[in-house]
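Enquirer: First the structure, which I've put down as structure tokens, then a few questions once you've had a look.
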Amino acid sequence: MVKSDINKFFENYLEKKGLFEDKKVLQSSYTPNNIPHREKEIKEIASMMAPALREEKPSNLFLYGKTGTGKTLSVLHVKEKLEKVSTSKKVGLKIFYLNCKLKKVADTEYRLIATLARQFGQNVPITGLPTDEIYRIFIESIDKESKNIILILDEIDQLVKKAGDEILYNLTRLNSELKNTQITFVGISNDLRFANDLDPRVKSSLTEEDINFPSYNALQLQDILNERSKKAFREKTIEQGAIEKCAALAAREHGDARRALDLLRVAGELAERENSEKLLIKHIDKAEEKIERDLISDVVSTLPKQSQLVLLSTFNLHDKMNSKIFTGDVYNLYKKLSSDVGLKPLTQRRMSDLIAELDMLGIINARVISKGRYGRTREISMTIPDSEIPDIKEGLTKWLNL
DNA sequence: CGAGATTCATGTGAAGTATACCTTTAGGCTTAA
DNA sequence: AAGCCTAAAGGTATACTTCACATGAATCTCGTA
């Protein structure tokens, strides 16, 4: 009985055609051939990098603009095309893309260089070598390879925030160490003010040329969504107005195209799970909530245990009393919790740094204030809407085996 | 009443420690001549 | 004797601790109007 039910379910599942034709198209890793409303920027990038084909050194390039404005996409697009030409014409050119935000990959000077060296096929250890040594290995390996190297550093602001701008200084000076090769840097930043806070020497050399990526407006987002949904969904599976709704929602938040695409994809997934014939507008509303939740719980779940504990403490305090939360309170609760879990509590000094990190990740808001006579502390408030907190708390307690 | 001193609770920087990992080196063992 | 393996020595990066000093506005103090 049961067995045949299950068989039937699977058979039905197979027979029933899903809404998606090709879901990959909506994922952020996908690079479409056609990038609407970025023709100008792509052309600019291409003309900046073109000298590399003649084995001349292109200027360093700096791209900035809010998240989801197509910076990464445009660069990768140009990269692909450029690589194609250069390999067919046998030009000595290599292009590397590296996202500096990835933890344990490129968030310190050592790790950044080590990752780069690894991309050149060098087998370098994750720790133990002097940083100079890593530089030497890296320089050596690229110097014999090819004439031109273009290094794309995505989310470069994150790197500087964590590890200081000395790295960039070292990097820009790298060219003087190289005999046969030249490195061109392409920096990408979401933070518009980032370049201004840099050491002037670094700034001038890194931003020889810069391109601003403006935010998309709702109409442009619609174009993008239409373009992609044609490939992603089967015909006539989207309710009239659904795409417009996606575009409008995403446009409300500074025109983030990635968000718009996520919205559409998750809505499609939800619709499919509900066995709905079409992607309806209501699915998009649900998708918005889900994305928010998933995004946060994704970050939270990859946090180190200690940070999770700190976060849980702040959430608990936030629930218990709706007054302001201060560092000292968090630390006391954290200490109690950590002994419950059987984790050795960190010092308050360290926790202070952890709170600062959580703030940087945008999971909480922590602001240093002075309470005058009553000392100085961080005042912590929530960035997450109250309705989402119980869910995340549940996840936290699970991960922490509480 | 108001300017300046005081105070508190913690921020923050620097230096030190523990841990995990790396390379080099020297000793001991095996092996082939 | 040459070659190979192993373990110790000496080095680094990273996460964390310890120590000590810095902060900055509410509150206190005290001289002055």
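Enquirer: Quick one: compute the contact order of region A:8-157, relative version, from alpha carbon pairs under 8 angstrom and 6+ residues apart, as a percent.
Expert: This gives 23 percent for region A:8-157.
Enquirer: If the reach is capped at under 16 angstrom between alpha carbons, list the lysines near A:Lys162, excluding any in the same chain fewer than eight residues apart.
Expert: Straight-distance partners of A:Lys162: A:Lys101, A:Lys103, A:Lys104.
Enquirer: Can I ask one more? Lysine pairs in region A:244-391 8 or more apart or on different chains: how many have alpha carbons under 19 angstrom apart?
Expert: 15
Enquirer: DSSP loop (so not H, G, I, E, B), at most 13 other Cβ within 10 Å: list which trypsin sites (Lys or Arg not before Pro) in region A:20-129 pass both filters.
Expert: Within region A:20-129, the qualifying trypsin sites (Lys or Arg not before Pro) (loop, at most 13 other Cβ atoms within 10 Å) are A:Lys89, A:Lys90, A:Lys103, A:Lys104.
Enquirer: Straight-line reach from A:Lys147: which aspartates and glutamates fall under 17 Å, measuring Cα to Cα and dropping same-chain residues less than 8 apart?
Expert: Reachable aspartates and glutamates: A:Glu55, A:Glu56, A:Glu83, A:Glu177.
Enquirer: Once phi is turned into θ = phi - 60°, what whole-Hz ³J(HN,Hα) does the Karplus curve with 6.51, -1.76 and 1.60 give for every residue of region A:209-216, x standing for Gly and Pro?
Expert: Ordered by residue, 3J(HN,Hα) equals 9, 9, 10, 9, 9, x, 6, 7 Hz.
Enquirer: Ordered by residue, what ³J(HN,Hα) values in Hz, to whole numbers, does region A:319-324 give under the Karplus form 6.51 cos²θ - 1.76 cosθ + 1.60, where θ = phi - 60° and Gly and Pro are x?
Expert: 5, 5, 9, 8, 7, 5
Enquirer: Points 7 angstrom from Cα along the Cβ direction at A:Asp197 and A:Lys286: gap in nanometres?
Expert: 4.1
Enquirer: In a Gaussian network model over chain A where Cα atoms closer than 10 Å are linked, find which of A:Ser28, A:Ser215, A:Ser176 has the largest mean-square fluctuation.
Expert: Comparing A:Ser28, A:Ser215, A:Ser176 in a Gaussian network model of chain A, the most mobile one is A:Ser176.
Enquirer: Return a whole-number percent for the relative contact order of region A:303-399, with Cα pairs under 8 Å and 6 or more residues apart as the contact set.
Expert: Computed value for region A:303-399: 29 percent relative contact order.
Enquirer: How would A:Ile296, A:Ile6 line up from fewest to most surrounding beta-carbon atoms within 10 angstrom?
Expert: A:Ile6, A:Ile296
Enquirer: Pull up all non-local amide H partners of A:Gly92: gap of 5 or more, or a different chain, and H-to-H distance under 5 Å with H placed in the peptide plane.
Expert: Residues meeting the amide H criterion: A:Lys147.
Enquirer: For the pair A:Lys336 and A:Gln348, how long in nm is the line joining their label points, each one 7 Å along Cα→Cβ?
Expert: 1.7
Enquirer: With θ taken as phi - 60° and the coefficients 6.51, -1.76 and 1.60, list the Karplus ³J(HN,Hα) couplings across region A:109-120 in order, rounded to whole Hz; mark glycine and proline as x.
Expert: 4, 4, 5, 4, 5, 4, 4, 4, 4, 5, 5, 8
Enquirer: Whose amide H sits under 5 Å from the amide H of A:Asn99, counting only residues 5 or more places off or on another chain, with H placed in the peptide plane?
Expert: Here A:Asp154 satisfy the definition.
Enquirer: A further question on this structure: Please list, in chain and number order, the residues 5+ apart from A:Val186 or on another chain whose amide H is under 5 Å from its amide H, with Hs placed from the backbone.
Expert: The list, which skips near neighbours in sequence, is A:Leu61, A:Leu151, A:Ile152, A:Leu153.
Enquirer: Taking neighbour Cβ counts within 10 Å as the exposure measure, how do A:His283, A:His77 sort from fewest upward?
Expert: Ordered from fewest to most neighbouring Cβ atoms within 10 Å, A:His283, A:His77 come out as A:His77, A:His283.
Enquirer: Between A:Glu388 and A:Ser204, what is the label-point separation in nm under the 7 Å Cα-to-beta-carbon projection?
Expert: My value for the distance between the label points is 4.4 nm.
Enquirer: Okay, next question. Using a Cα-Cα cut-off of under 15 Å, which aspartates and glutamates could be cross-linked to A:Lys66, ignoring same-chain neighbours fewer than 8 residues away?
Expert: Those aspartates and glutamates meeting the cut-off are A:Glu41, A:Asp154, A:Glu155, A:Asp157, A:Asp191, A:Asp210, A:Glu253, A:Asp256.
Each reported figure results from applying straightforward, stated rules to the coordinates on display, with no laboratory input. In this text the structure is predicted, and so the values were computed from the model without any measurement. Every residue, glycine among them, receives a Cβ derived from its backbone with ideal geometry; neighbour counts consider all protein chains shown.
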